1. Restricting to the chain, compute how many DSSP beta bridges are antiparallel as a %, nearest 5.
2. How are the Cα pair distances of the stretch 213-273 distributed, in percent, across 10 Å bins from 0?
3. Explain nothing, just compute: Karplus ³J(HN,Hα) = 6.51 cos²θ - 1.76 cosθ + 1.60, θ = phi - 60°, for every residue of the stretch 211-228 in order, whole Hz, x for Gly and Pro.
4. Going by amide H atoms built from the backbone, whose H comes under 5 Å of the H on residue 288, apart from near neighbours?
5. Over the Cα atoms of the stretch 17-159, each weighted equally, I'd like the Debye log10 I(q)/I(0) at q = 0.11, 0.12 Å⁻¹, rounded to two decimals.
6. Here is the link list: 47/330; 38/87; 290/310. Which ones come out longer than 24 Å on Cα distance?
7. By per-residue mean of other Cβ atoms within 10 Å, what is the highest-first order of 24-37, 190-203?
8. Between the stretch 421-457 and the stretch 84-139, what is the separation of their alpha carbon centroids in Å?
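The values are calculated or read from the model by the stated rules, or taken from the named source; none is laboratory data. Keep in mind it's a predicted model, so treat the numbers as computed, not measured. We place every Cβ from the backbone using ideal geometry, glycine too, and count neighbours over all the protein chains shown. In case anyone asks, the SASA skips ligands and DNA or RNA and just uses the protein heavy atoms, side chains included. Shrake-Rupley method; radii C 1.70, N 1.55, O 1.52, S 1.80 Å.
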Amino acid sequence: MGKNLTSRAEDYSKWYNELVVKADLAENSAVRGCMVIKPYGYAIWEKMQAELDRMFKETGHQNAYFPLFVPKSLFEAEEKNAEGFAKECAVVTHYRLQNDPDREGKLRVDPEAKLEEELVVRPTSEAIIWNTYKGWIQSYRDLPILVNQWANVVRWEMRTRLFLRTAEFLWQEGHTAHATQDEAWEETKLINNVYATFVENFMAIPVIQGLKTESERFAGADETMCIEALMQDGKALQAGTSHFLGQNFAKAFDVKFTNREGKQDYVWATSWGVSTRLMGALIMTHSDDKGLVLPPNLAPFQVVIVPIYKNDEQFDKIATLAESIISDLKERGISVKFDNRDTLRPGAKFAQHELQGVPLRIAIGPKDLEDETVELARRDNLTKQTVILDRLSVVVEDLLEEIQENLFTKALEYRNSHITKVETFDQFKDVLETKAGFISAHWDGTAETEQKIKELTKATIRCIPLDGDTEAGSCVYSGNPSKQRVLFAKAY
């Protein structure tokens, strides 16, 4: 199964597209630009969702749900936000169909059913949520509001790729309201840290935290914080964003409150989100030419047991042993699948589980029953070992931790070896073409220089690192004075 994959070296983009489909993660749907997330892919997303949801709730946030449709007048209330998303909006103009009098058995839009006001299918929910918050907030006693929603959004993309860029995708979006600027800014930083912790500890992907430049900032935000990751092909991927919205949406929707001094003031706001794009990051960071490589913390099942037998008697004995192993592992919080399908030979099962990235595989045959051992295979480095049954549970538990750490370490070493400091624009272009990765370079802080570099190289400023070099220097393009280095890269 996995042998049919195009290699990463031959065509990275084709490898990715094939892997998503062949590993049974997702497929294109009948709706152009939209995807079907298949059960195996959705199981990974569910684990991501569960961990993030737990982390949000531990920091005091609650889940709610807001409408899919946003009246156009509300959407355009915050001008920068409306302008930023206008070209990506899907718009509902009518509310009914009718039989087509000119084509028997067909339907048409009822011309008499035109909406009085068009409805935007949410590309993001700030507008509908802040219009709602106006009725929730009167006093400082009503603050803070710490709300998150799990939802789907629509952004009408013309060039799509499964998980990375689709017209409809799943995500969470947090929307918080605060009494002071400091509280809102602390919330922005808190969530960016939550995202970084999740991506590093569960996805095993190292990230760089930073600020977006003004041109890369979320439309309607005063500041955007982000986490940036590096994929195996040297391209960056924005893995999450947390936006400090200032009072922009409060002013647009006239959301005021009486503060502790008895005076009226506008509310301070944040919004933040991660999406199914994280699935793309997970695939591209760890996987190889044989298929998916999943970190144990997010694998739908961490261990698979494959029986090898010639007759029913052998199978029954192996199945009895497998049940005992499953019981022991589950007591340790380890998820296990017993692949007892009789429609595939063991070799085909091995290939499938390798393709789907199961972290550990246990093979049990008649000889193993005699010796009271099993064969244990790791997906991350493709090594095998024989383990005695008495030690199996401990060995499995230790190996899962080791695999999780190994994947992070490997990704970190790759990332660190692909951050290159440059001083001249010639060096910049050479690194971009021959090595790729992040380029650490001085920038003069102007949008003009940023745009010119983008036009000439297709590289963008991924972030201004929070822990970046702050030494003075000269801009890599203009030669003008620069206060600090920023990170450039080509990106998804």
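1. On the way: 73 of 88 bridges.
Of the beta bridges lying entirely in the chain, close to 85 percent run antiparallel.
2. 21, 36, 24, 12, 5, 1
3. These are the phi-based 3J(HN,Hα) values: 10, 7, 6, 4, 6, 9, 6, 4, 5, x, 9, 7, 8, 10, 8, 8, 10, 10 Hz.
4. Sorted by chain and number, the residues that satisfy this are 293.
5. Normalising to I(0) and taking log10 leaves -0.66, -0.77.
6. Numbers: 47/330 17 Å; 38/87 29 Å; 290/310 28 Å.
Violating the 24 Å limit, Cα to Cα: 38/87; 290/310.
7. Details: 24-37: 16.1, 190-203: 20.7.
Descending mean neighbour count gives 190-203, 24-37.
8. So the two Cα centres are separated by 42 Å.
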